[in-house]
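Working notes, structure below.
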Amino acid sequence: MKLQRKTKLLSSAALALVMVSGAVNAGTIRFWTTEEQPERLAKQQEMAAEFQAATGTEVQVIPVTESDLGTRATAAFAAGDLPDVIYHPLQYALPWAEAGILDTEAASEVVEGLGQGTFAPGPLAMAAVEGGVASVPVDGWTQMIVYRADKFEEAGLEAPTSFANVVAALEKLHNPPEMYGFVAATKVDENFMSQVLEHVFLANGVSPVSYDGAAALDPAATTEVLEFYKAIAEASPPGELYWKQSRELFFAGQAAMIIWSPFILDELAGLRDSAPPTINDDPTSSELASKTGIVTNFSGPSNPDGAAWGDVRYFGITNDADTDLAMDFVKFSMDEGYTQTLSIAPEGKFPVRRGTADEPSKFSEAWSMLPVGVDRKAPLGDLYDQAMINEIVGGLDVAKRWGVAEGQLGLASKMINSQVINRVVRQYIDGEIDAAAAVAAMNEQLSAVE
């Protein structure tokens, strides 16, 4: 990663010296965060206070509703009044860099100072710009195939890491109504279906965008996706299915596989009264968690390396920032304060920085011991074995999203929001059109999205 700025980061040793000596840096910086729930906000304010105690720099933690973030940032940029640091989702990283909102050189220097090799490669690649990164990756999560590991073992099945393995499992485990092989997303107007479909398309290396904009879907690879999705839909209950039914059926022990976010992990273990496992008579039981496995990196026949669908969040240092102080705050939040950063919501904040050069797994290990849950608390490391923890965190290594690598995330998002793919896939799995007609319909309709 080539660096252009000459500003030197405050090193860990220097920061420790500051803490010991009581020396201070004058100044105040503003930090916008979309983590505005009271408990999460309080944890960020605690970290800001720790940073001030260490450096003398005050951090004003300012909550911003995520749906308002884009318009507020644009208005502040026009007024020359951007905050120093913004915690933001992936969708803004490259557009804000191109617009001049973000200081990419400062972000790149922070990553270089912390050690590029200590970060998961997927989140860095998603925010890559010439010479470095647009923003510093903070945390993320990957969508997962959640499956009954005990049933797979009993049937001598391989984990559902590929289309072929999933289909093989359907043949052995689909036995309705006692056990459905899958609970596929089929409710067209639910974003859940969009998210699941993007995951399945990515797994087979299929994207509707290229570096030049909209791209025709590859007929052969897309047909493989359609046939796979029809197979899991046919092994699902009838009806309009989305996240609600998939969770309920899995929790009742009536589904062999579902696709879900990691926010299900604490619920699986009986830590949330509003969504208890019903596999037995004890809603606080961790029995289902002990029988569950997860897969993050998932592959199709045309893409044997597979992919994980990832949602990543970043610290953006703005071009209006007090740059040195902003860099120091971001580095602190990703080093001395990183466990505190992850503790805001551990079940949905996987560590994108696994550790330090000297302790490569320092933050992954600390994260696994952070308590999760709502009505009861327990560390993920106490609920799931180490191999599963490694799989959860490892998904970020290969995390992808449509349009990121091609610089077309905005166009890809519009395509997803149009629900064209949802509608056509539903027509195909309902038998209204064949695969060739489905591919043609998607290509025609997606090319019209602007």
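The values are calculated or read from the model by the stated rules, or taken from the named source; none is laboratory data. Values in this document were obtained by computation on a predicted structure and should not be read as measured data. Cβ sites come from the backbone with ideal geometry, for glycine too, and all protein chains shown count toward neighbours. Just the protein is used for accessible areas: all its heavy atoms, side chains included, with ligands, DNA and RNA removed. Shrake-Rupley method; radii C 1.70, N 1.55, O 1.52, S 1.80 Å.
Residues checked against (1) in a helix (DSSP H, G or I); (2) at positive phi:
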residue: Thr356; (1), (2): no, no
residue: Glu359; (1), (2): no, no
residue: Ile392; (1), (2): yes, no
residue: Gly403; (1), (2): no, yes
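Sort out for me the helices (runs of 4 or more DSSP H) sitting completely within the range 74-129 that have 2 or more residues that are under 13 Å from Arg313 (Cβ atoms). Before the answer, list the steps.
Details: elements: 93-99, 104-114, 121-126.
Passing ranges, in order: 121-126.
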Of all residues in the range 27-42 being open to solvent by less than 70 Å² (accessible area, probe 1.4 Å) and in a helix (DSSP H, G or I), the one that is nearest to Ser343 (Cα to Cα): Arg40
Here is a list of conditions, (1) closer than 30 Å to Val374 by Cα; (2) at pLDDT below 95; (3) open to solvent by 70 Å² or more (accessible area, probe 1.4 Å), and Glu46 meets all of them except one; can you say which number that is? (2)
Looking at the range 316-328, can you tell me whether even one residue there is in contact with a helix residue (DSSP H, G or I) (Cβ under 8 Å, 6 or more places away or on another chain), closer than 14 Å to Val138 by Cβ and open to solvent by 10 Å² or more (accessible area, probe 1.4 Å)? no
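Rundown of residues vs (1) of a type in the set (Lys, Arg); (2) farther than 24 Å from Leu114 by Cα; (3) in contact with a Leu (Cβ under 7 Å, 6 or more places away or on another chain), yes/no style:
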site: Ala345; (1), (2), (3): no, no, no
site: Pro351; (1), (2), (3): no, no, yes
site: Pro360; (1), (2), (3): no, no, no
site: Gly381; (1), (2), (3): no, yes, no
site: Ile392; (1), (2), (3): no, no, no
site: Ala405; (1), (2), (3): no, no, no
Tell me whether the range 229-250 contains one or more residues that are at pLDDT 95 or above, closer than 26 Å to Glu154 by Cβ, of a type in the set (A, V, I, L, M) and surrounded by fewer than 18 Cβ atoms within 10 Å (Cβ to Cβ). no
Give the range 211-249 a look and list any residue that's of a type in the set (A, V, I, L, M, F, W, C), in contact with a helix residue (DSSP H, G or I) (Cβ under 8 Å, 6 or more places away or on another chain) and in a helix (DSSP H, G or I), or say none. Val225, Leu226, Phe228, Ala231, Ile232, Ala233, Trp243
Out of the residues in the range 280-324 that are assigned to a strand (DSSP E or B) and of a type in the set (Gly, Ala, Ser), which is nearest to Ala149 (Cα to Cα)? Gly293
Residues to consider are Pro219, Pro277; find the one that is over 20 Å from Gln143 (Cβ atoms), at pLDDT 95 or above and open to solvent by less than 10 Å² (accessible area, probe 1.4 Å). Pro277
Can you report the number of residues in the range 130-166 which are touching a helix residue (DSSP H, G or I) at 6+ places or on another chain (Cβ under 9 Å) and either farther than 30 Å from Val312 by Cβ or part of a loop (DSSP other than H, G, I, E, B) (or both)? 13
Scanning the range 132-183 for residues that are charged (D, E, K, R) and in contact (Cβ under 8 Å) with a residue 60 or more places away in the chain, which turns out most open to solvent (accessible area, probe 1.4 Å)? Glu178
Tally the residues that are of a type in the set (A, V, I, L, M), touching a strand residue (DSSP E or B) at 6+ places or on another chain (Cβ under 7 Å) and farther than 15 Å from Thr339 by Cβ, restricting the search to the range 356-406. 6
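Return the total of residues in the range 50-95 being acidic (Asp, Glu) and buried (at least 22 other Cβ atoms within 10 Å of the Cβ).
Of the residues in that region, 1 qualify.
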